[in-house]
Structure formats: C-alpha cells, structure tokens
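Have a look at the structure below, then the notes.
What follows draws every value from the coordinates through simple rules; no lab data is involved. As the structure is a computational prediction, the values presented were derived from the model and not from experiment. Virtual Cβ from ideal backbone geometry, glycine too; neighbours counted across all protein chains shown.
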Amino acid sequence: MDISDVSKASGLPASTLRFYEEKGLIHSIGRNGLKRTFNPNVIERLALISLARSVDFSLDEIGEMFTQDTAEVNRELLLAKADKLDSKINELTLMRNGLRHAAECSAPNHFECPKFLRLVKLAGKNRFRQPSKIKKANGV
C-alpha cells in the first residue's frame, strides 16, 4: 500500500504517518516513485497505536510497548497502564458520585455539606502544592 492508501484507510494524514515512521512506530517497506509503501498489516499497527493513544499512552510509551518488529507488546507496560486507568476510574467515579450528591443535597450551602467538602478535597488532591512544599521548593 502506498502512503496515500494507508492515509485513506487509517484516517490519518500522511504527515502523521511520516512522523510515526520517524519515531519508529511503523516502517515503510520501500518506495513507489516518491511515495512510501507499507505492508498492509500497517493498518492493524496503526489501530493499535490509536487504541494506545486513546488510553493515554505517549508515543514514547507506545514505542517501548512494541518489541522490535514483531506483533508482541510489552505486557508489563500494558498492566502498568491498566493499573493507572483503574486508579483514574476510581477517582472519577468518586467525583461523579459527589457531583450527583451535590446536585441533590438539601444543605442550604454546599460548603456546609460534608460530602461536598470531601469532593472538593478530592478534586484538589495532587492538583495543588501544599504551602510547606512551595516554601521548601523556594528555599524558605
């Protein structure tokens, strides 16, 4: 398949395909005139790259995930990403439940609702530096 066929089949622009090749994620098998040509199985590899990107793998992680030129993937890296996703799902579930509660809460003010305050605390966790850490970072 030439690069324009791969672009049409994958929905990715040729510039992305060239970039992925430069990063070592896909490999052309030659040229047809000025156009790169690819093995038809590149579509499956691009689908795997798309799947990995949709679950927040970086391109570097995707490169590490593939072992040489085989169809094998780094299972440890997949498990580590699955664990991160589980953690994120749990956090988002707690936040969703808190938002639903806040929408239905009978407290006169949301800041008087213990569940809403826990939601605010959860949302701020790891998003803002603690004042003592900022002081240490600034040498105070």
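Structure notes:
- 18 Å reach of a label modelled at ARG18, 7 Å along Cα-to-Cβ, counting backbone N of the range 38-65: 38
- Where only alpha carbons of the range 23-105 are counted, the Rg and the Dmax (Å): 18.9, 67
- Annotation: amide H-H contacts under 5 Å for PHE66 (H modelled 1.01 Å from N, sequence separation of 5 or more, or interchain): ASN74.
- The modelled label-to-label distance between ASP56 and GLU91, using points 7 Å beyond Cα along the C-beta direction, is 0.6 nm.
- Across the range 36-49, computed HN-Hα scalar couplings (Karplus, 6.51 cos²θ - 1.76 cosθ + 1.60, θ = phi - 60°) run 5, 10, 10, 5, x, 6, 5, 5, 5, 5, 5, 5, 5, 4 Hz from first to last residue, x flagging Gly and Pro.
- Members of LYS84/LYS125; LYS8/LYS88; LYS88/LYS125; LYS8/LYS84; LYS23/LYS125 lying beyond 23 Å, as alpha-carbon distances in this model show: LYS8/LYS88; LYS8/LYS84; LYS23/LYS125
- FRET efficiency for LEU77 and CYS105, using Cβ-Cβ distance with R0 set to 30 Å, rounded to 0.05: 0.10
- Projection of the Cα convex hull of the range 3-65, averaged over all directions and equal to a quarter of that hull's surface, yields 4.0 nm².
- Directionally averaged shadow of the chain, computed from the convex hull of its alpha-carbon atoms, nm²: 13.9
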